[in-house]
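Here the structure is laid out as structure tokens; the discussion comes afterwards.
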């Protein structure tokens, strides 16, 4: 019989991995944390990003042109790094191997981004972007929920609310789709169950996911939270890719 660890065991393993000596998952230095300080400094330098969608910006602008023309449903967004080497390796370990050590290391990386700590402290709850029931059965876990649980263990962070937002239907994979196709793919794909709506009505919430490409998934999830009465929604992701053309 296949054994699937529960959240308490996953959290315990993450804490144990962080406490015990290990090698850095990037440079291989031993003993070290999962991401050593030198690699974090070298590969996760601070970038100027759009305050609404976390897209890297040049110059002194605070919002990208796309967000000025058509703002997303969330009010602000933070990303720790650009998607690519070496973070794509750790994200793959998190996403496909349910690696609790990677979840904690990436959550700590995100917590270092200016503005993230204040946003976490002011929010009512952390809401991971949910998977469909079909994909959850296939994978056995939700990588966004692992990240949200790791963030919730940080100082002054709110609790993680896994059941507050649900995916109402299974959708095809977003990879390879243009933004307009992604938006159609996700239309009405999320909802807040009626019995959960009181928990976020009039509240500030933080949406958590591992990667943002066009922002379509986070936008659709934020719309559902907005309908349920959330007054302020922040999106937090580990990695931000370049946005696909708006077609």
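Since every read-out is calculated from the coordinates, none of them should be taken as a lab result. Nothing here was measured: the structure is a model prediction, and the numbers come from that model. Every residue, glycine as well, gets a Cβ built from its backbone with ideal geometry; the counts of neighbours run over all protein chains shown.
In terms of the Cα gyration tensor, with a ≥ b ≥ c the square roots of its eigenvalues, is the range 23-137 rounded because a/c is under 1.5, prolate because a/b exceeds b/c, or oblate?
On the way: a/c = 1.88, a/b = 1.30, b/c = 1.45.
The shape class here is oblate.
Kindly state, to the nearest 0.05, the FRET efficiency for residue 23 paired with residue 61, given R0 = 45 Å and r defined as their beta-carbon distance.
Working: r = 40 Å, r/R0 = 0.89.
Approximately 0.65, to the nearest 0.05.
Please report, largest first and rounded to whole Å, the three semi-axes of the ellipsoid equivalent to the range 45-240, where each semi-axis is the square root of five times an eigenvalue of the C-alpha gyration tensor.
Largest first, the range 45-240 gives 21, 20, 19 Å.
Arranged by the count of other C-beta atoms within 10 angstrom, fewest first, what order do 141, 74 take?
Numbers: 141 18, 74 25.
Starting with the residue having the fewest Cβ neighbours, the order is 141, 74.
Going by how many other Cβ atoms sit within 10 Å of their own, how do 22, 70 line up, fewest first? Intermediate results must be reported in sequence, preceding the final value.
Details: 22 15, 70 9.
The order, fewest Cβ neighbours first, is 70, 22.
Report the gain in length on full extension from residue 112 to residue 196: 0.36 nm times residue separation, minus Cα-Cα distance, nm rounded to one decimal.
Working: separation 84, 0.36 × 84 = 30.24 nm, distance 3.08 nm.
Roughly 27.2 nm would be gained on extension.
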